[in-house]
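Heads up, the thing below is written out as structure tokens.
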Amino acid sequence: MGSVGAKEVPQLLDAQGKRIDGRGLEELRPLSIEAGVLRRADGSARVEWGDNKVLAAVYGPREVHPRHLQQPNKAVVQCRYNMASFSVDERKRPGLDRRSQEISKVISEAFESVLFVEEYPRTSIDIYIEVLQANAGTRCAGVVAASVALADAGIPMVDLVPAVAVGKIGGQIALDLKKEEDNYGEADLPMALVPRSGRLVLLQMEGHMTHEELKRALDLGVRGCQEIYQKQKEALRTRYRLEAPAPTEVEA
Ligand code: UDP
């Protein structure tokens, strides 16, 4: 541990360049995705990613609430990201704070750009993201879960949307920051990608890095997203393989 003022700062990289959880710089935390976990939602998914546990439930296209948000020419995409009081070390006050509102807004906008909203005027596509356990990267885990939940609901979209946070720790660019790295690192850059077109639909940054580092961080994030994308597709395949009716015998 080093110290900054009164605070003890953990050493984020050891002499071999390994991270505090033993990962290399370009390694994701263990990620598991399950589609179709909630009976009452039109579509749902559960994501466990490192120490994050996130559920997403999707409804729609359905009637808009509140009514005045209805759009005559397209569906509105309403995301509510919520972090449970028990999801973090220091109890979080329940309810939507400014951070949750900001995250809900950027995720709504990300999905509005991949869903065929013009096909469903005067309706709402509602996305609920519940963070049950948090350890940094929860907005990305929320996007990963929500996009699988949207596909599970059968809502047409351009592509699944993988997401990951890249950042800078101990002077190095690293993939998928955990809590200590997010807290004590130099930069944190969550991003979400449409793999088919390479279009970024969410990109935020906290901290500092050079132009050159930013380019490397984006490249690393895109590669991380490709890996996550495969797992999202696998989760959907597993769901529909399990549910597929047995093939009927063809009579000779
Ligand atoms: N966090 C917390 N209390 C809060 C908000 C966040 O303990 O009220 C923690 C939580 O582990 C979260 C992390 O700080 O995952 C990083 O938060 P950030 O705002 O960067 O969003 P995230 O990385 O989760 O998308």
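A short reminder: the numbers here are calculations on the coordinates, not readings from a lab. Values in this document were obtained by computation on a predicted structure and should not be read as measured data. Glycine gets a Cβ as well: all are built from the backbone with ideal geometry, and neighbour counts include every protein chain shown.
For this structure, a couple of remarks:
- In terms of Cα atoms, the Rg and Dmax of the chain work out to 19.4, 82 Å.
- Spin-label model, GLU8/ILE20: points 7 Å from Cα along the beta carbon direction are separated by 1.1 nm.
- Per-residue Karplus couplings for the stretch 53-66, computed as 6.51 cos²θ - 1.76 cosθ + 1.60 with θ equal to phi - 60°, are listed in order as 10, 9, 10, 10, 10, 10, 10, x, x, 9, 4, 7, 10, x Hz, Gly and Pro entered as x.
- Comparing ALA165, ALA217, ALA146 in a Gaussian network model of the chain (Cα springs below 10 Å), the most mobile by mean-square fluctuation is ALA217.
- With all projection directions averaged, the alpha carbon convex hull of the stretch 15-91 covers 8.8 nm².
- Length added when fully stretched, GLN230-PHE116, from 0.36 nm per residue minus Cα-Cα: 38.8 nm
- Using the rule -39500 (n - 2.57) for each DSSP H run of four or more residues, divided by the residues of the chain, the 222 nm mean residue ellipticity is -9000 deg cm²/dmol.
- Most tightly packed first, judged by the mean number of other beta-carbon atoms within 10 Å of their residues, the peptides 196-203, 58-65 read 58-65, 196-203.
- For GLY170, nonlocal amide neighbours, meaning residues 5 or more places apart or on other chains whose placed amide H falls under 5 Å from its own, are GLU186.
- Using C-alpha pairs under 8 Å with a sequence gap of at least 6, the mean separation divided by the residue count of the stretch 129-207 gives a relative contact order of 26 percent.
- Mean projection area, nm², convex hull over Cα of the stretch 110-252: 12.0
- Cα→Cβ-extended label distance, 7 Å offset, between ASP89 and HIS65, nm: 3.8
- Positive-pole candidate from ILE127, ASN73, VAL201, dipole of the chain, charges at beta carbon: ASN73
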